Structure formats: structure tokens, C-alpha cells
Amino acid sequence: MSTILVLGGGVIGLSTAMMLARQGHSVTVFERDSEPLPDSPDVAWQAWERRGVAQFRQPHFLHPPVSRLFDSHLSDVKEALLGAGCITFDRLAPMPPSITDRTPREGDERFLTITGRRPTIEYAVASVAEELIPIRRGVSVVGLLTGNSAANGIPHVTGVRTIDGEEVFADLIIDAMGRRSNLPNWLEAIGARRPIEEAEDSGFIYYTRFFRSGTGVMPAYRAELLTYFHSFSFLTLPGDAGTWGVTVVISSSDPALKKLRNPKQWTALVAACPLHAHWLDGEPITDVLSMGGTIDRYRRFVVDGVPVATGIISVGDSWACTNPSLGRGITIGLMHAVGTAEVVQQHLDAPFELALSHDSMTETRVTPWYRNTIEIDRKRIAAVNAIIEDRPAPQSTDPRTRIANALNIAMMYDPDVYRAAVEMRSVLALPQEIMARPGVVDRIMEVAGNHEAVNPPGPSRDELLGMLA
């Protein structure tokens with residue numbers, strides 16, 4: 001029986017650990033936050049301190065692939081989510097009224113998901129994990145231990161050293177420490193090459209407030225989960241136990257809109273947008289929660305075709321993290337976790353092959369979603385900053401941009417185009433997969449050519465600045 005050490009006890013680390021334990025490995029999780037699992041989802045929301053997770057009480061959303069992954073790999077976690085109050089949500093629910101054909105289509109069940117607030121999600125995942133594997137909370141790792149190389153000139157990791165000086169050895173170390181992972185520095189300290197790393201500030205600031213329904217019924221959707229206005233966006237996400245979150249997303253280069261951290265002005269903006277004002281019809285259960293400085297970052301641990309080290313691999317946000325406005329982090333992380341468990345099952349006894357196979361799986365399955373998310377981020381922040389600076393928005397000659405612009409129009413009128421758009425937004429299919437389907441591009445261009453763009457009603461930029469003056 002092989003021993004595996006997972007660093008990080010968040011959703012991705014625990015899910016990875018549970019899948020590996022069910023393969024028959026001896027798995028232990030080290031989690032640097034010391035607080036124990038709360039007694040209930042309510043206590044998790046009210047009092048659980050997860051200092052290692054900066055976005056713990058920011059909005060989260062589990063896209064439809066998560067529900068299918070839990071069904072096939074962690075069905076008891078899905079049951080625990082439902083037991084904790086998480087809800088089943090139909091991603092087709094925000095279909096706009098301008099689409100008159102509401103006839104269900106074969107395969108619509110793929111748009112169903114289960115979701116909730118992050119503390120509730122993490123409570124449910126941890127409650128299952130603690131019955132299956134040892135989780136040592138309050139253990140901080142500060143460095144790596146090495147042994148005989150599995151490949152000439154490449155360090156082989158055999159364990160970790162904790163802040164208390166404890167040395168713990170394992171056949172494989174998995175870094176699931178999230179955005180704050182210090183793995184590149186640890187690798188450099190043992191003589192390994194640093195991984196390839198790309199990092200940039202996403203350029204967004206988030207102002208979120210959570211609400212609870214007095215009746216247990218969440219407001220109906222009158223617009224998409226993420227709605228773009230001129231220089232801000234609204235993100236409205238369902239939660240668990242009759243709760244929901246409303247987030248205003250702005251550019252960090254827009255000092256005038258930073259006044260939205262004030263609850264009065266935040267509320268005034270939401271109230272001034274007809275398709276979103278009804279999201280205020282609940283009891284506020286938080287103040288306006290702000291978050292900024294979010295980094296989009298990608299790491300690759302194979303350089304020039306050679307692993308920087310063996311005996312250690314990275315999963316989830318430790319590998320790549322993105323801004324939260326698209327709500328993709330946990331979904332992409334769980335997709336990565338499933339692939340990681342598969343690679344470990346096939347190659348654990350061959351460290352060099354494991355490192356290469358893990359890199360290949362990552363680049364094939366999940367890196368395209370990271371790239372897609374970054375592309376969306378960059379286009380959006382460039383358009384918003386152009387408005388702030390009162391200059392024309394950047395114009396792209398890329399044919400994909402023309403099709404994407406047409407898609408945003410056509411999806412408001414055609415039920416099948418809408419489903420195609422939601423597939424992409426829900427991490428079900430990449431744009432290139434959708435556009436390769438026979439007739440899809442022609443249909444998008446045809447519908448868009450016969451309709452005007454639909455702009456969500458709300459205050460103009462000048463009106464907004466006047467409201468905040």
C-alpha cells in the first residue's frame with residue numbers, strides 16, 4: 001500500500017485525497033488552518049475561520065460538471081451537500097424571455113448542478129473526508145525532503161518538513177495549498193528548476209453582499225448569472241438554505257466606483273437596475289464584502305520536456321488560479337483532481353512517468369479552460385478600462401471575436417444558441433468544440449444578423465458617477 005501526503009484541506013485537496021484513498025492508498029492530509037470542522041453548516045457560515053482561503057466568504061458556484069463528477073467519483077459528498085442545504089440549480093433557469101421556444105431539449109439534464117455558499121460546500125466535503133482519511137489541522141509545511149533521484153539530475157521529493165521540525169515521508173506529495181502555495185520556492189531550495197509561471201493581476205475588485213429569503217424562495221432570474229454593464233458587472237449566485245449573493249464587479253483602475261464598498265451606494269446601484277433590483281428583496285446577512293488584488297496565475301512543472309522534480313505534483317489553484325467572476329475555480333479544480341487521481345492510479349510506481357503524464361493530462365484537460373478564462377478576463381477588463389478612460393474600446397480582427405460578439409446577440413433569441421452559450425459558460429464544452437459542430441456558426445451569424453444587441457437596463461456611466469458623487 002502506497003503512502004500519499006496531500007498538502008491542503010480545502011475542497012480540492014480533500015476531494016483528491018478521498019479519491020486516492022478509495023483506490024487503496026494510505027492518504028493523510030495536512031491543513032495549515034487549525035480550526036476544527038464546525039458542528040453544522042450554520043456554524044460554518046457564521047464562525048468558521050479559514051484564514052488560508054482569502055475568498056472563503058466570497059461568492060462561489062459549482063458548475064454542472066461538478067455534479068456529474070460527484071456522481072461518478074464521490075457520490076457520498078453529493079449527498080452531504082444536499083444534506084447541508086445546498087440546492088439543485090438549473091443553469092437554463094436564466095433563459096431570457098425574448099426566447100419564446102421553451103420546449104425542453106434532449107440532454108437538458110446536463111445543465112443541472114448542485115451549489116451553495118463556500119463554507120457550506122467545504123463543511124459538506126470535510127464532513128465526508130473526516131470519516132475516511134486522517135486530516136491533521138494546524139500543520140504548516142515549510143519545505144521538502146529529498147531522496148535518491150528517480151531520473152538523472154532531477155530532485156526526487158520523498159517528504160516534507162513542518163514548521164515544528166517534524167519530518168514526514170511519503171511515496172507521493174500532492175500540493176493542494178491553493179493560491180498561496182509556496183511550492184516554486186521550495187523546489188528551488190532543493191536544487192530543482194523553477195516551474196514555468198505566468199501571473200498577472202486580473203484587474204477586478206468585487207463588492208458582495210449576501211441575503212436570505214424570509215420564505216426560503218430565491219428570487220427568479222431575469223438576467224444571466226453574470227451580466228455586463230458599461231463599466232461594472234453584476235454576479236448573482238444562488239446559495240444554500242434560502243440564501244444568495246449579489247456581487248458588483250468593477251475595475252481596480254476605477255477609483256470613482258470604489259465608493260460602492262459603502263452599503264448605501266451599493267444598494268442604490270442594484271436598485272437602479274430593473275433586472276436586478278429584486279435581488280435586494282431579502283434580509284441582508286452580511287455587510288458589503290470587498291476583495292481585490294486577485295491574481296490570474298498558471299504554473300507548469302515540466303520545463304523543456306523534463307519534470308522539475310519527481311515525487312510531487314500540484315492540483316487545483318496551486319497549479320493555476322483565476323479571477324472569481326466566472327465562478328470556475330472549484331469546477332476546474334475538481335476536473336483537475338479527477339485527472340490527478342487517474343494518473344496516480346496508473347503511474348505511482350514510476351515517478352518520472354507520473355510527472356510527465358500528470359503534465360500531459362493537465363495540459364490536455366484543464367489548461368484550455370484556464371486559457372479560455374484568461375482570454376475572457378482580458379477582453380472584459382480592456383473594454384471596461386476604455387470606458388473609464390473615455391477612449392474607443394480595443395478592436396480585434398480575430399474572427400473568433402466577431403463570432404463571440406454575434407453569439408452574445410443570438411443567444412438572447414434562439415433557444416439552441418442559448419444552450420450552446422451556456423455550455424461554454426458552464427464549463428461543459430470549450431468554444432472551439434461548440435463552434436466545430438455542423439451549422440452552429442452559421443446559425444449564430446444568421447440570428448445575430450436579424451436582431452439588435454440587448455443591453456441590460458441601468459444607469460449610464462454619467463448617471464452612475466452622479467449617484468456616487
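Quick check on this structure: which one of GLN395, GLN432 is assigned to a loop (DSSP other than H, G, I, E, B) and polar (S, T, N, Q)?
Result of the check over GLN395, GLN432: GLN395.
THR100 versus (1) closer than 30 Å to GLU188 by Cα; (2) of a type in the set (Ser, Thr, Tyr); (3) modelled with pLDDT under 95: which is the lone unmet condition?
Evaluating THR100 over (1) closer than 30 Å to GLU188 by Cα; (2) of a type in the set (Ser, Thr, Tyr); (3) modelled with pLDDT under 95 leaves (1) as the failure.
Return the residue satisfying two criteria in turn: it lies in region 294-330 and is in contact with a Leu (Cβ under 9 Å, 6 or more places away or on another chain) and of a type in the set (Ser, Thr, Tyr), and of such residues it is modelled with the lowest pLDDT.
Here the answer is SER325.
Name every residue in region 99-112 that is farther than 22 Å from ILE409 by Cα and touching a residue at least 60 places away in the same chain (Cβ under 8 Å), in order of residue number.
ARG110
Among the residues of region 206-240 satisfying the criterion of being at pLDDT below 95 and β-branched (Val, Ile, Thr), which is surrounded by the fewest Cβ atoms within 10 Å (Cβ to Cβ)?
THR215
Out of the residues in region 330-358 that are free of Cβ contacts under 8 Å to residues at least 60 places away in the same chain and crowded, with 24+ Cβ neighbours inside 10 Å, which is farthest from VAL249 (Cα to Cα)?
ALA355
From the list VAL139, VAL128, VAL168, which one is out of contact with any Phe, Trp or Tyr (no Cβ under 9 Å at 6 or more places or on another chain), in contact (Cβ under 8 Å) with a residue 40 or more places away in the chain and surrounded by fewer than 23 Cβ atoms within 10 Å (Cβ to Cβ)?
Step by step, each of VAL139, VAL128, VAL168 is checked, and only VAL128 is out of contact with any Phe, Trp or Tyr (no Cβ under 9 Å at 6 or more places or on another chain), in contact (Cβ under 8 Å) with a residue 40 or more places away in the chain and surrounded by fewer than 23 Cβ atoms within 10 Å (Cβ to Cβ).
Are any of the residues in region 66-76 surrounded by fewer than 20 Cβ atoms within 10 Å (Cβ to Cβ) and in contact with a Phe, Trp or Tyr (Cβ under 8 Å, 6 or more places away or on another chain)?
Taking every residue of region 66-76 in turn, none turns out to be surrounded by fewer than 20 Cβ atoms within 10 Å (Cβ to Cβ) and in contact with a Phe, Trp or Tyr (Cβ under 8 Å, 6 or more places away or on another chain).
So which of VAL248, VAL315, VAL288, VAL303 ends up being surrounded by fewer than 22 Cβ atoms within 10 Å (Cβ to Cβ) and touching a helix residue (DSSP H, G or I) at 6+ places or on another chain (Cβ under 9 Å)?
Going through VAL248, VAL315, VAL288, VAL303 in turn, just one is surrounded by fewer than 22 Cβ atoms within 10 Å (Cβ to Cβ) and touching a helix residue (DSSP H, G or I) at 6+ places or on another chain (Cβ under 9 Å): VAL288.
Scan region 118-139 and tell me whether some residue there is of a type in the set (D, E, K, R), assigned to a helix (DSSP H, G or I) and under 26 Å from LEU235 (Cβ atoms).
yes
Name the residues in region 27-59 that are of a type in the set (Lys, Arg), under 16 Å from GLY13 (Cα atoms) and in contact with a strand residue (DSSP E or B) (Cβ under 8 Å, 6 or more places away or on another chain), would you?
Passing the criteria: only ARG32.
Which of the residues that make up region 1-60 are more than 22 Å from PHE169 (Cα to Cα), out of contact with any Pro (no Cβ under 8 Å at 6 or more places or on another chain) and crowded, with 24+ Cβ neighbours inside 10 Å?
Result: VAL11, single match.
Picking from PRO392, PRO368, PRO415, which residue would you name as being closer than 30 Å to THR100 by Cβ, of a type outside the set (Val, Ile, Thr) and either more than 23 Å from the chain's Cα centre (by Cα) or surrounded by fewer than 20 Cβ atoms within 10 Å (Cβ to Cβ) (or both)?
PRO415 is the lone residue from the list that is closer than 30 Å to THR100 by Cβ, of a type outside the set (Val, Ile, Thr) and either more than 23 Å from the chain's Cα centre (by Cα) or surrounded by fewer than 20 Cβ atoms within 10 Å (Cβ to Cβ) (or both).
The values are calculated or read from the model by the stated rules, or taken from the named source; none is laboratory data. Bear in mind that the values here come from a model prediction, so they are computed numbers and not experimental data. Neighbour counts run over all protein chains shown; Cβ positions are idealised from the backbone, glycine included.
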